[in-house]
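In what follows, a structure is listed as structure tokens, so that the remarks can point back to it.
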Amino acid sequence: MAEQKRFVIRAMEESDYPGIYRLWMTIHGFGIRSIDDSEEGVRRFLARNPGTSVVAVGEDGTVIGAILCGHDGRRGCLYHVCVREDYRRQGVGKAMVVFCMNALRAEKINKVSLIAFTRNDVGNAFWNCIGWTRREDLNYYDFTLNEANITAFNR
Ligand SMILES: CC(C)(COP(=O)(O)OP(=O)(O)OC[C@H]1O[C@@H](n2cnc3c(N)ncnc32)[C@H](O)[C@@H]1OP(=O)(O)O)[C@@H](O)C(=O)NCCC(=O)NCCS
């Protein structure tokens, strides 16, 4: 196993955006949305959900992991869970998820969910390994409210 790297987990701040965006662009298969994932979109998300999103900062001071986490008063939701490739399998992902779950619990939220592409083997292995339940009794429905919110997938 690779040498354990040091990292710090803390609440996401608006000023983290450039580092988070740089990280997102390195994650294969990520779909980045032109409006929701813009600096303004993330600022709006953080203003509505203060203190529940998280970053991991690596030894060189850069953002090496991030999760957007919020809730609607009833259910929590995680978006864009990611760790830079050279920091994977060191517990960063799990530590960030635990941060988010504790932040949601502190706000009296009792359940949290997320969406993973079925083809995302690494992501699905991660959620299974850290004890999340894959629902097989549900269909996921959505409806686009703004066609300008274009998704670009990283290769
Ligand atoms: C998924 C992801 C966030 C995991 O981050 P991570 O920091 O490597 O995860 P952790 O080190 O906390 O892993 C916790 C456990 O999950 C499981 N796991 C993580 N990655 C795995 C992999 N590639 N294959 C199999 N199991 C894996 C292991 O059981 C691991 O514990 P172990 O290393 O002691 O065996 C990271 O791989 C990533 O950014 N992937 C690309 C983006 C993505 O797919 N995000 C999820 C979207 S739904």
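The values are calculated or read from the model by the stated rules, or taken from the named source; none is laboratory data. Bear in mind the structure is a predicted one, so any value in this text is a computation, not a measurement. For neighbour counting, all protein chains shown are included, and Cβ atoms are generated from backbone atoms with ideal geometry for every residue, glycine included.
Would you mind stating whether Gly91 is in contact (Cβ under 8 Å) with a residue 24 or more places away in the chain and either touching a Leu at 6+ places or on another chain (Cβ under 8 Å) or small (Gly, Ala, Ser) (or both)?
Working: in contact (Cβ under 8 Å) with a residue 24 or more places away in the chain: no; either touching a Leu at 6+ places or on another chain (Cβ under 8 Å) or small (Gly, Ala, Ser) (or both): yes.
No, not satisfied.
Look at the range 41-55 and say how many of its residues are over 14 Å from the mean Cα position of the chain (by Cα) and either crowded, with 22+ Cβ neighbours inside 10 Å or free of Cβ contacts under 8 Å to residues at least 24 places away in the same chain (or both).
5
Considering (1) surrounded by fewer than 11 Cβ atoms within 10 Å (Cβ to Cβ); (2) under 23 Å from Asp37 (Cα atoms); (3) more than 16 Å from the chain's Cα centre (by Cα), say which one Ile150 fails and leave the rest.
(1)
Any residue at all in the range 60-67 that is in contact with a strand residue (DSSP E or B) (Cβ under 6 Å, 6 or more places away or on another chain), within 8 Å of the ligand (Cβ to nearest atom) and at pLDDT 95 or above? Let's see the steps before the verdict.
Residues of the range 60-67 in contact with a strand residue (DSSP E or B) (Cβ under 6 Å, 6 or more places away or on another chain): 63-67.
When the remaining residues are screened for being within 8 Å of the ligand (Cβ to nearest atom), the result is 65.
Filter once more, keeping what is at pLDDT 95 or above: 65.
Checked the range 60-67: at least one residue is in contact with a strand residue (DSSP E or B) (Cβ under 6 Å, 6 or more places away or on another chain), within 8 Å of the ligand (Cβ to nearest atom) and at pLDDT 95 or above.
When you go through (1) crowded, with 20+ Cβ neighbours inside 10 Å; (2) in contact with a Gly (Cβ under 8 Å, 6 or more places away or on another chain); (3) closer than 27 Å to Asn149 by Cα; (4) of a type in the set (Val, Ile, Thr) one by one for Ile35, which number turns out not to apply?
(1)
Quick one: what pairs do we get from the range 56-84, first residue of a type in the set (Ser, Thr, Tyr), second surrounded by 13 or more Cβ atoms within 10 Å (Cβ to Cβ), C-beta under 7 Å, 6+ apart or different chains?
Thr62/Gly19; Tyr79/Leu68
Quick grid of which residues meet (1) more than 14 Å from the ligand (Cβ to nearest atom); (2) over 15 Å from the mean Cα position of the chain (by Cα); (3) exposed (fewer than 13 other Cβ atoms within 10 Å of the Cβ):
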{"residue": "His80", "(1), (2), (3)": "no, no, no"}
{"residue": "Gln90", "(1), (2), (3)": "no, yes, no"}
{"residue": "Ala95", "(1), (2), (3)": "no, no, no"}
{"residue": "Met101", "(1), (2), (3)": "no, no, no"}
{"residue": "Lys111", "(1), (2), (3)": "yes, yes, yes"}
{"residue": "Asn124", "(1), (2), (3)": "no, no, no"}
{"residue": "Asn139", "(1), (2), (3)": "yes, yes, yes"}
{"residue": "Asp142", "(1), (2), (3)": "yes, yes, yes"}
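Can you confirm whether the range 105-124 contains a residue that is free of Cβ contacts under 8 Å to residues at least 40 places away in the same chain, in contact with a Gly (Cβ under 7 Å, 6 or more places away or on another chain) and within 22 Å of Val8 (Cα to Cα)?
no
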